[in-house]
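**Q** Starting off with a structure, shown below.
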Amino acid sequence: MSRSSAAPSGRNGLQSRDQLLDVAEQLMGEKGYAGTPVSAICKAAGVAPTSLYWHFGSKEGLLASVMERGAARWFAALPRWSELTGDHQQRAATVQRLGAAAVGEHPLFLRLFYLLALEAGADEVAGDFVRRVRERAKNYFSEGIAGLLGDLAAPEIACDAAVELARFAVAFSDGCFFASQLEPDEVDLHQMYSDLLTALLALAPAALDRARKAKTVSAQESR
């Protein structure tokens, strides 16, 4: 049978693709990528295995599509510092509020992402995706933190300090998600992200000082 003759058509094709993505995200988020067989995904989605292979080519292709869709939704929910209005304090408050909301509204994607991170060493596809999303998250935090520090230092110094602080912010955000899953009735994500903002401002002077010293050393070594 040719690929074209096996293709799901029209609305049914789109529905089967969306069903596979939704079910795969749910099951892989519960059992991990390696622990979720294609047969279980197809059974839960109510489609034949041929439909999965038509849409995605392989289980790896399905995973890539699930994670690309999840990442697109996740990052779309996060406000960009450069697109916000108001002063630094107002922008920071918006980022804090919407960032906390995004964690609470995308549990399936985040759960699957962290499970993939644990499996990354044994699976090249999962490892590559985890690295790319992680780097994108660090860049996102770096952009916002650099904007937050804009009044405290020259742009180049602020950017260097922001890269350092972004690693802390990503790790803190990891903890926020795990806490929300482990103790859902006791965790206030909005308060936790407000605390993250407080922590970043408290850590900023030391990070800026290290950035200035590193810049001075680099300049001396280049002479």
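The values are calculated or read from the model by the stated rules, or taken from the named source; none is laboratory data. The structure presented is a predicted model; accordingly, all values stated were derived computationally and were not measured. A quick note on method: Cβ atoms are made from the backbone with ideal geometry, for glycine too, and the neighbour counts reach across all protein chains shown.
**Q** Return yes when Phe168 is in contact with a Ser or Thr (Cβ under 7 Å, 6 or more places away or on another chain), at pLDDT 90 or above and not polar (S, T, N, Q) and no when it is not.
**A** Numbers: in contact with a Ser or Thr (Cβ under 7 Å, 6 or more places away or on another chain): no; at pLDDT 90 or above: yes; not polar (S, T, N, Q): yes.
So Phe168 fails the test.
**Q** Restricting attention to the range 147-161, which residues are part of a helix (DSSP H, G or I) and either of a type in the set (Asp, Glu) or without any contact (Cβ under 8 Å) to a residue 24 or more places away in the chain (or both)? Quick ask: steps written out before the conclusion?
**A** So in the range 147-161, the residues part of a helix (DSSP H, G or I) come out as 147-148, 155-161.
Across the range 147-161, the qualifying residues are Pro155, Glu156, Cys159, Asp160.
**Q** Within the range 128-139, is there a residue that is on the phi < 0 side of the Ramachandran plot, outside the structural domain of Tyr33 (by TED's automatic domain parsing) and not in a helix (DSSP H, G or I)? Steps first, answer last, please.
**A** So in the range 128-139, the residues on the phi < 0 side of the Ramachandran plot come out as 128-139.
Pick out the ones that are also outside the structural domain of Tyr33 (by TED's automatic domain parsing) and you get 128-139.
Restricting the remaining residues to those that are not in a helix (DSSP H, G or I) gives none.
Checked the range 128-139: no residue is on the phi < 0 side of the Ramachandran plot, outside the structural domain of Tyr33 (by TED's automatic domain parsing) and not in a helix (DSSP H, G or I).
**Q** Right, here's the next one. Would you confirm, using the coordinates I've provided, whether Val133 is more than 14 Å from Ala72 (Cα to Cα) and surrounded by 13 or more Cβ atoms within 10 Å (Cβ to Cβ)?
**A** Numbers: more than 14 Å from Ala72 (Cα to Cα): no; surrounded by 13 or more Cβ atoms within 10 Å (Cβ to Cβ): yes.
So Val133 does not fit the description; no.
**Q** Which of (1) under 15 Å from the mean Cα position of the chain (by Cα); (2) crowded, with 22+ Cβ neighbours inside 10 Å does Ala162 not meet, given it meets every other one?
**A** In the conditions (1) under 15 Å from the mean Cα position of the chain (by Cα); (2) crowded, with 22+ Cβ neighbours inside 10 Å, Ala162 misses (1) alone.
**Q** Here is a follow-up. Which residue pairs have Cβ atoms closer than 6 Å, lie 6 or more positions apart in sequence or on different chains, and pair a first residue in the range 70-97 that is in a loop (DSSP other than H, G, I, E, B) with a second residue that is surrounded by fewer than 11 Cβ atoms within 10 Å (Cβ to Cβ)?
**A** none
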